[in-house]
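The values are calculated or read from the model by the stated rules, or taken from the named source; none is laboratory data. Since the model is a prediction, treat every value here as computed from it, not as a measurement. Cβ placement follows ideal geometry from the backbone for every residue including glycine, while neighbour counts extend to all protein chains displayed.
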Amino acid sequence: MAKLAGVFAASHGPMIAREWNSLSAPTRAAVEQGFGRVGDRLRAARPDVLVIVSPDHWVNFFLNNFPAFCVGIGAEHDGPPEPFLRRFFNHPVLPGHAGLGRHVLDTALNRDFDPSMSHRLTLDHGFCLPLWRMGLDPIPPIVPIVVNEVDDPMPTMRRCLAFGSLLKDAIESYPEDLRVAVLATGGLSHFIGEPGMGQIDEAFDRTCISLFEKGDPAAIAATLERDVRHTGNGGHEVRNWVVAHAAAGARGFELIGYHPLEEIYVGCAFAEWRQPG
Amino acid sequence: MRDYWLNKLFFDIQKPELAAQYKENREAVLSRYPLSAELHRAVLNDDLAALAPHVNAYLLRFYFAICGMNDAEFIRRLNELPQSKEQVSSHG
């Protein structure tokens, strides 16, 4: 049987790649340290497969067809389309894990949870920027999971918790002897293309961190469902962290680093859910 | 109120070949999108305030970046827009 080898979260602001060569030394150091620490822990987990939970930033989906959740079940996926990231992260094609992807999808369907599926996703900076900064080499086969966090209506926090629970069960019931890690990307607060862009809502970020530390899924669902409507639109990406929290069994959250970095427009945070044993 | 075709234009223009055509001849590209006269004019005038209520904020950001507006100017114009969200003074 497969084993859940680790659950992690990391922000993914595109300005990190866009402005990498001109970032101030303190911002660059904070970013390097945060991704470095998560990367070290992820490598130590020795994953055979990496499930990445991210939004799609208007690459695969448009208003004519926009799933709440989509599971990538292909053997390959396309690398990032953004030129500013491709110059650092030269992976036109990334490996997928079709077997586990299909098992996650089947597990969901058998629980009356009906995500969309894709046999080939294009993995934008949400997926690939953390891979670049963590320096994973080789990159393990990926099961990408897209959560709609860029346009209303979005899945509820409660539904994200349910998705995380079924993801945990899917991993632990997969018949191959694999070590599987989960990486949630994005968040915490940021404002993109709306008033406040460049500001960080540190109070929102601290609330998120405190909720994950306390662990209570009901409090997470109720509080974030309310608060996310009052912060920047990028804050919706905390849904990925909610999926990860449930995938980790709603326990063991450890903040690795938090830096409200106005220079890259993101409340930049890194975390691991440490599992007993 | 979202305008489907305005969003579609801003979505499509992420493709470098269309962006290049657009920079060459805006009207030629715009003729393929059935925008209202008001939105058509707003696009031609880079009227961010008139466009913002009708388009996804991420797409708005992509569009103006692709068209060459620097972030300082984009943020300045955004901050002249009316605030659409209530700020929460304390988070639970």
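The one condition from (1) within 14 Å of chain B (Cβ to nearest Cβ); (2) buried (at least 22 other Cβ atoms within 10 Å of the Cβ); (3) more than 20 Å from A:Leu4 (Cα to Cα); (4) not basic (Lys, Arg) that A:Leu261 does not meet is (1). Quick test for you: out of A:Pro138, A:Pro130, pick the one residue that is closer than 16 Å to A:Leu50 by Cα and either among the charged types (D, E, K, R) or touching a His at 6+ places or on another chain (Cβ under 7 Å) (or both). Only one candidate passes the filter, namely A:Pro130. Kindly check whether there is at least one residue in the stretch A:238-256 that is over 26 Å from A:Glu172 (Cβ atoms), assigned to a loop (DSSP other than H, G, I, E, B) and over 17 Å from the mean Cα position of the chain (by Cα). Taking every residue of the stretch A:238-256 in turn, none turns out to be over 26 Å from A:Glu172 (Cβ atoms), assigned to a loop (DSSP other than H, G, I, E, B) and over 17 Å from the mean Cα position of the chain (by Cα). Before we move on, is A:Glu254 modelled with pLDDT of 95 or more, in contact with a Ser or Thr (Cβ under 9 Å, 6 or more places away or on another chain) and of a type in the set (Asp, Glu)? Taking the combined requirement at face value, the residue does not satisfy it. Note on the stretch A:237-258: residues that are surrounded by 24 or more Cβ atoms within 10 Å (Cβ to Cβ) and touching an Asp or Glu at 6+ places or on another chain (Cβ under 6 Å) total 2. Scanning the stretch A:257-271 for residues that are in a loop (DSSP other than H, G, I, E, B) and under 15 Å from the mean Cα position of the chain (by Cα) yields a count of 0. From the list A:Asp114, A:Asp124, the lone residue that is acidic (Asp, Glu) and surrounded by 15 or more Cβ atoms within 10 Å (Cβ to Cβ) is A:Asp124. Among the criteria (1) surrounded by fewer than 19 Cβ atoms within 10 Å (Cβ to Cβ); (2) at pLDDT below 95, the one B:His91 does not fulfil is (1). If I ask for residues that are buried (at least 20 other Cβ atoms within 10 Å of the Cβ) and assigned to a strand (DSSP E or B), which ones from the stretch A:30-68 would you list? Within the stretch A:30-68, A:Val49, A:Leu50, A:Val51, A:Ile52, A:Val53, A:Ser54 meet the criteria.
Contact map, the stretch A:228-241: residues that are within 24 Å of A:Ser165 (Cα to Cα) and facing another protein chain (nearest Cβ under 9 Å) paired with residues that are surrounded by 24 or more Cβ atoms within 10 Å (Cβ to Cβ) and aromatic (Phe, Trp, Tyr), Cβ distance under 6 Å, separation 6+ or inter-chain. No pairs are found.
Being aliphatic (A, V, I, L, M), within 14 Å of another protein chain (Cβ to nearest Cβ) and in contact (Cβ under 8 Å) with a residue 12 or more places away in the chain is the requirement here; does A:Ala246 meet it? No. Residue pairs whose Cβ atoms lie under 7 Å apart, separated by 6 or more positions or on different chains, with the first residue in the stretch B:40-58 and under 23 Å from A:Met15 (Cβ atoms) and the second of a type in the set (Gly, Ala, Ser) and part of a helix (DSSP H, G or I), are B:Leu51/B:Ala42. Within the stretch A:183-229, the set of residues being out of contact with any strand residue (DSSP E or B) (no Cβ under 8 Å at 6 or more places or on another chain), β-branched (Val, Ile, Thr) and crowded, with 20+ Cβ neighbours inside 10 Å comprises A:Ile192, A:Thr207, A:Ile220, A:Val228.
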